[in-house]
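Here is the structure we will look at, set down as structure tokens.
The values are calculated or read from the model by the stated rules, or taken from the named source; none is laboratory data. Because the structure is predicted, anything quoted here is derived from the model rather than measured. Backbone-built Cβ (ideal geometry, glycine too); neighbour counts: all protein chains shown. All accessible areas refer to the heavy atoms of the entire protein, side chains included, with ligands and DNA or RNA removed. Shrake-Rupley method; radii C 1.70, N 1.55, O 1.52, S 1.80 Å.
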Amino acid sequence: MLKIVKSLYLFLNVIIIIALLIVHFGLKEHSYQSSLLYYTFPLPVIIIVVLLLSIFLNRQFRKYNLIVTGLLLAVWLGRSFKIHVPETIKETDLEVVFWNASHYREFVDVFEENNKIPDVVVLVEYHGKFLEEAKSKYPNYHFYESYDEEIGVFSKKSIYVKNVMPSKYGSTVLNFKTQGINFYAVDVSASIDVPRSWELEFVDKAITKTKNTIVLGDFNLPFESKFLNKTKANFNHAFSEKGNGFMETWFWNIPLLSLDHIWVSKDLKILKTEKMSTFKSDHSMVKTYVRK
């Protein structure tokens, strides 16, 4: 009986691993259903599952799970762990921060975590409860809040809001200009009932400028997603170009998914990008320095 149980477990072990690999490397975002599995089982999760399955295998078969784990770890590190030499930052360079504030955090939290005041800050899932206090505390700077869409913008210079574009399913693109640069703040719906393909098509249509432009936001999609292909064609990814460490920004400082992105048009120069981990939100902040 014990031998049958072990054989059954070995069979299930193989089936589970093959299924996970097919979803991640084969099916990916082929359909709405497969995309949900693809987002649910990023490589770090698959690695953990394979390791956990190996606990109950005998030594003969455990080594195969460990080999698979090693290969997946190498793929993940190759994709996600970046090493770049940052360039020297000048006073004239632009410091830009994006953060999903998780409904509880304010601009002041960004200033504290950053240890100084950036040139531009964009917050999504922002409730603006203490916005008036921030305005009174920093009267020489500029703030904007799109209340219904829960997007907040801070700049050391005037903010000119061009357009606020909400989708039917809860996504938003806010187009504004400040510091002589065109910005698109993006917040893509996290609802599992809404296909990401719909919302990224909406985002792609909303982004009409690809020069002198920075696109930043919570896309609720990993960097590898095919739905980001148009964005990748027109913009450089700030962290991929000049970041150091793991590019994943979610969940609670555990590098599971790279949901938060800053994209910079190719006529602008990315000098340095940092991911700032904090327990004030389940998302990490992303900061980049840009030169015009």
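Overview of values
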{"read-out": "Residue 98 vs. criteria at pLDDT 95 or above, hydrophobic (A, V, I, L, M, F, W, C) and assigned to a helix (DSSP H, G or I)", "value": "no"}
{"read-out": "Pairs where the first residue, in the range 6-22, is modelled with pLDDT under 95 and the second is open to solvent by less than 70 Å² (accessible area, probe 1.4 Å) and in a helix (DSSP H, G or I), C-beta under 8 Å, 6+ apart", "value": "10/61"}
{"read-out": "Residue in the range 109-132 that is assigned to a helix (DSSP H, G or I) and over 24 Å from residue 274 (Cβ atoms) present", "value": "yes"}
{"read-out": "Where residue 272 falls short, out of the listed (1) within 22 Å of residue 189 (Cα to Cα); (2) in contact with a helix residue (DSSP H, G or I) (Cβ under 6 Å, 6 or more places away or on another chain)", "value": "(1)"}
{"read-out": "Conditions (1) under 11 Å from the mean Cα position of the chain (by Cα); (2) surrounded by 21 or more Cβ atoms within 10 Å (Cβ to Cβ); number of the one not met by residue 251", "value": "(2)"}
{"read-out": "Residue ID - surrounded by the fewest Cβ atoms within 10 Å (Cβ to Cβ), chosen from residues in the range 224-241 that are touching a Lys or Arg at 6+ places or on another chain (Cβ under 8 Å), closer than 18 Å to residue 255 by Cα and not acidic (Asp, Glu)", "value": "240"}
{"read-out": "Residues that are among the hydroxyl-bearing types (Ser, Thr, Tyr) and either crowded, with 17+ Cβ neighbours inside 10 Å or touching a residue at least 24 places away in the same chain (Cβ under 8 Å) (or both), drawn from the range 139-149", "value": "141, 144, 146"}
{"read-out": "Complete set of residues in the range 180-223 that are open to solvent by 20 Å² or more (accessible area, probe 1.4 Å), of a type in the set (A, V, I, L, M, F, W, C) and within 15 Å of residue 35 (Cα to Cα)", "value": "190, 192, 198, 223"}
{"read-out": "Check on residue 102, open to solvent by less than 40 Å² (accessible area, probe 1.4 Å) and more than 26 Å from residue 270 (Cα to Cα)", "value": "yes"}
{"read-out": "Sole residue being free of Cβ contacts under 8 Å to residues at least 40 places away in the same chain and touching a Gly at 6+ places or on another chain (Cβ under 7 Å), chosen from 152, 128, 170", "value": "128"}
{"read-out": "Breaking point among (1) modelled with pLDDT of 95 or more; (2) out of contact with any Pro (no Cβ under 9 Å at 6 or more places or on another chain); (3) surrounded by 12 or more Cβ atoms within 10 Å (Cβ to Cβ), for residue 40", "value": "(3)"}
{"read-out": "The range 50-93 - residue that is touching a residue at least 60 places away in the same chain (Cβ under 8 Å) and among the basic types (Lys, Arg) and, of those, most open to solvent (accessible area, probe 1.4 Å)", "value": "90"}
{"read-out": "Given (1) touching a strand residue (DSSP E or B) at 6+ places or on another chain (Cβ under 6 Å); (2) closer than 30 Å to residue 225 by Cα; (3) at pLDDT 95 or above; (4) in a loop (DSSP other than H, G, I, E, B), number of the condition residue 89 does not satisfy", "value": "(2)"}
